[in-house]
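Let me begin by presenting the structure, written as structure tokens, before commenting on it.
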Amino acid sequence: MTKRRDYSCAEGCPVEATLDLLDGKWKGVILFHLKRDGTLRFNELGRRLRGITQRMLTKQLRELEEVGLVDRRVYAQVPPKVEYSLSDEGRSLGAVIDALAAWGEGRIARLAAAPKAA
């Protein structure tokens, strides 16, 4: 279980509180795909995240579930079926995820348009 941090310190704490949930390379990308594509199974998510290991995907999903951003639904069947979706709290990050995606698209375009250094 993750310890609850105290964010009642200074002016930058709300930003710290948000970034604390999205830290690392994969969490924001996982949230992006769940927002864009809706409910996904584990392997569907893994195919969308090139370069992530199954172990890392499992770890990141567990952490996102633990803080309440992702819902995990297990179906009692053989073979096992597990689906992941954004929780209500995760959906509340929609504007943040959209803003990050828009900024990233702009940055990619700016870098592509910039003259290459020799």
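The values are calculated or read from the model by the stated rules, or taken from the named source; none is laboratory data. Quantities reported herein were computed from a predicted structural model and do not represent experimental measurements. Counting neighbours? That spans all protein chains shown, and the Cβs are built from the backbone with ideal geometry, glycine included.
Please give the number of the condition Gly68 fails out of (1) part of a helix (DSSP H, G or I); (2) touching an Asp or Glu at 6+ places or on another chain (Cβ under 8 Å).
Status for Gly68: all satisfied but (1).
Anything in segment 78-118 that is under 21 Å from Gly46 (Cα atoms) and not in a helix (DSSP H, G or I)? List them, or say none.
Once the filter is applied, which keeps residues that are under 21 Å from Gly46 (Cα atoms) and not in a helix (DSSP H, G or I), segment 78-118 yields Val78, Pro79, Pro80, Lys81, Val82, Glu83, Tyr84, Ser85, Leu86, Ser87.
With the requirement that a residue be more than 16 Å from Gly38 (Cβ to Cβ) and under 12 Å from the mean Cα position of the chain (by Cα), what does segment 76-100 give you?
Val96, Leu100
Rundown of residues vs (1) modelled with pLDDT of 95 or more; (2) within 19 Å of Leu19 (Cβ to Cβ), yes/no style:
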{"residue": "Phe32", "(1), (2)": "yes, yes"}
{"residue": "Leu40", "(1), (2)": "yes, no"}
{"residue": "Gly51", "(1), (2)": "no, no"}
{"residue": "Gln60", "(1), (2)": "yes, yes"}
{"residue": "Leu64", "(1), (2)": "yes, yes"}
{"residue": "Val67", "(1), (2)": "no, yes"}
{"residue": "Ser85", "(1), (2)": "yes, no"}
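Count, please, the residues in segment 14-65 that happen to be at positive phi and either surrounded by 12 or more Cβ atoms within 10 Å (Cβ to Cβ) or in a helix (DSSP H, G or I) (or both).
Of the residues in segment 14-65, 1 are at positive phi and either surrounded by 12 or more Cβ atoms within 10 Å (Cβ to Cβ) or in a helix (DSSP H, G or I) (or both).
For Ala102, all conditions in the list (1) out of contact with any strand residue (DSSP E or B) (no Cβ under 8 Å at 6 or more places or on another chain); (2) within 14 Å of Ile30 (Cβ to Cβ) hold save one; what is the number of the exception?
Status for Ala102: all satisfied but (2).
Condition check: touching a residue at least 24 places away in the same chain (Cβ under 8 Å) and β-branched (Val, Ile, Thr). Does Val82 satisfy that?
When the stated conditions are applied, Val82 passes them.
Can you tell me which residue is surrounded by the fewest Cβ atoms within 10 Å (Cβ to Cβ) among those in segment 67-77 that are among the β-branched types (Val, Ile, Thr) and under 23 Å from Asn43 (Cβ atoms)?
Here the answer is Val74.
Of the residues that sit in segment 81-99 and are touching a strand residue (DSSP E or B) at 6+ places or on another chain (Cβ under 7 Å) and not basic (Lys, Arg), which one is farthest from Lys27 (Cα to Cα)?
My answer is Val82.
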